[in-house]
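Data block below; observations after.
Bear in mind these aren't lab numbers, they're just calculated from the coordinates by the rules spelled out. The shown structure was predicted, so the numbers you read here are calculated from the model rather than taken from an experiment. Here the Cβ positions follow ideal geometry from the backbone for every residue, glycine too, while neighbour counts run over all protein chains shown.
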């Protein structure tokens, strides 16, 4: 008899282009601080990767509170990309992440094409960065990101500019607040992206009717959580129809079953954000849930699951 | 290092139509929690509501041998999550993550500890009072509410031998007026410059007045701030407070990691009021 159970034998490895991951579960940017906040609570190396909070060249203050509000099966946030700037990240946070053997993806922000390129160049020269996620989709700040993410030419230009300065895998993070996300995935692919990640949050709003004031100081914010999951799954599916590069899916994943929806729709890996707020110990539960599913369905490799949506005619039982 | 336990509700004692003391079996958290720390509790097992809520640890529950068996929280029904917790029944299980946050530093004699609580802001002071008594520090609780019926759990402090200075806005128990009025008179009447360390928790306007009195009367003052929190772990950056760091610069800092206990002089009070 084999010493290991069927669930232990499955191969969870996946890849985002050239970047190999031990499992498909990635901590989403903006939901995991700089990673070091969780270093004493969980084993950072047990995650497929972590995407640290978005970084500009300089420090950023972010928006005043209230920065979040709960909504049905979800939450709005308007943090405003508070951050310590890329140089302080490299000097003060990256060494610990390296020591903890975390696979680090950095979420790169910019107010201009030049800033994206400069932040990317600095990170490429640093030791311990595995890939760059280009934030062209934050809905909460006016002066950066979304202006590129809502224009096909802008998306192309940011990706091309970063492509010229780095050999790291690059993965633009796409906004769902456009007519056709898939066309943006294709623009990114044509400009040399190694992968795309989607979706960022849906621009949304909540009002306190007693005071008639917006519930967020920024008036609008980004909706995340289970409320958005079916839309996100659809968008991942649409993108995968149109591009050959890997798609990393996210949007309201709370458990392994939710993650499987994205993977079957075509995601090579998934990011988990809001669920980490609810349960910082979710990571091993996701891994266990995926192993159990694969054993039950006799699937040996995660990669065999990716894009395995069955569209054959339904048979009458 | 926090732990997450699916804690059984041991008791849920209703103090009024809005307040209850919810006791949870969570020895792993209770044995590590320091005064002023908090826990994140999920009011329901599902996704509605989605997020956990932060609560100061109120009491550490112990078995007859003194071994910690759990903790209680002082819950005030204000929204969906706290309403669910108000109606929780013994035997229910609630996910409880903790202990989290920076605790109070209990002061030593001869300095006296004066705790100032408004309403549900009483919560962090039961464990602090216990710790002060153990150290032999003389302690007083200034405790205010709208009316006498809203002054809860004074027996907890009586048992510990804490001096009580009560105040109600309607004058139905203790001094008539805000608790800060009682505090101000006591500070002015202090015998021969006795050193006092203030600890405050309550509505923001109350804490702001305490912070001002602390400056005027040259007393150190720690406040426990309550902010909307997403995760309690430093992951989401939602619970920020503008505060002064060691170099004297003002920044948005996460109250879950840098707090919830802050030196009152390091808090930008004018902004704290504006956000509510």
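Annotation: peptides A:23-35, A:206-218, ranked by per-residue average of other Cβ atoms within 10 Å with the highest first, follow the order A:23-35, A:206-218. Kirkwood analysis of chain B, using all unique Cα-Cα pairs, places the hydrodynamic radius at 18.9 Å. Taking a spot 7 Å from the Cα of residue B:249 along the direction of its beta carbon, which residues of the range A:81-113 have an amide N less than 18 Å from it? In the range A:81-113, the label zone of residue B:249 (backbone N under 18 Å from the point 7 Å along Cα→Cβ) covers A:81-94. Roughly what angle does helix A:113-125 make with the longest principal axis of chain A, taking Cα atoms, 0 to 90 degrees, to the nearest 10? Computed tilt is about 60 degrees. Considering all different alpha carbon pairs of the protein assembly as shown, the Kirkwood hydrodynamic radius works out to 25.5 Å.
To the nearest ten degrees, helix B:204-216 and the longest principal axis of the Cα atoms of chain B are 30 degrees apart.
Summary value for chain B: 17 percent relative contact order, contacts being C-alpha pairs under 8 angstrom separated by 6+ residues. According to the square roots a ≥ b ≥ c of the eigenvalues of the Cα gyration tensor, what is the shape class of the range A:208-307, taking rounded for a/c under 1.5, prolate for a/b larger than b/c otherwise, and oblate for the remainder? Judged from the Cα gyration tensor, the range A:208-307 comes out oblate (a/c at least 1.5, b/c at or above a/b).
When Rg and the Kirkwood radius Rh are both evaluated on Cα atoms of the range B:3-100, their ratio Rg/Rh stands at 0.94. Its relative contact order, with pairs defined as Cα atoms under 8 Å and 6+ residues apart, puts the range B:3-100 at 42 percent.
Cβ crowding within 10 Å ranks A:189, B:212 as B:212, A:189, fewest other Cβ atoms first. Per-residue ellipticity at 222 nm from helix content only, as computed over chain B with -39500 (n - 2.57) for each DSSP H run of at least four residues, stands at -5500 deg cm²/dmol. Using only alpha carbon pairs under 8 Å that are at least six residues apart, calculate the relative contact order of the range A:122-240 and give it in whole percent. Once divided by the residue count of the range A:122-240, the mean separation gives 24 percent.
What separates the Cα centres of the range A:148-186 and the range B:94-149 is a distance of 53 Å. One Cα centroid belongs to the range B:7-71, the other to the range A:205-280; the line between them spans 31 Å. Peptides A:275-281, B:254-260, ordered by how many other C-beta atoms sit within 10 Å of their residues on average, highest first, read B:254-260, A:275-281. Working note: Cα atoms of the range A:6-304, range along each principal axis, descending, whole Å: 54, 49, 41. Distance from the Cα centroid of the range B:156-177 to that of the range A:6-29 is 59 Å (rounded to whole angstrom). Taking the square roots of 5 times each eigenvalue of the Cα gyration tensor of the range A:1-126, largest first, gives ellipsoid semi-axes of 30, 20, 14 Å. Other protein chain C-beta atoms within 10 Å of residue C-beta, averaged over A:271-281: 5.
When shorter helices are ignored and each DSSP H run of at least 4 residues is given -39500 (n - 2.57), the per-residue value for chain A at 222 nm works out to -8500 deg cm²/dmol. The angle between the Cα long axis of helix B:179-188 and the main principal axis of chain B comes to about 40°, on a 0 to 90 degree scale.
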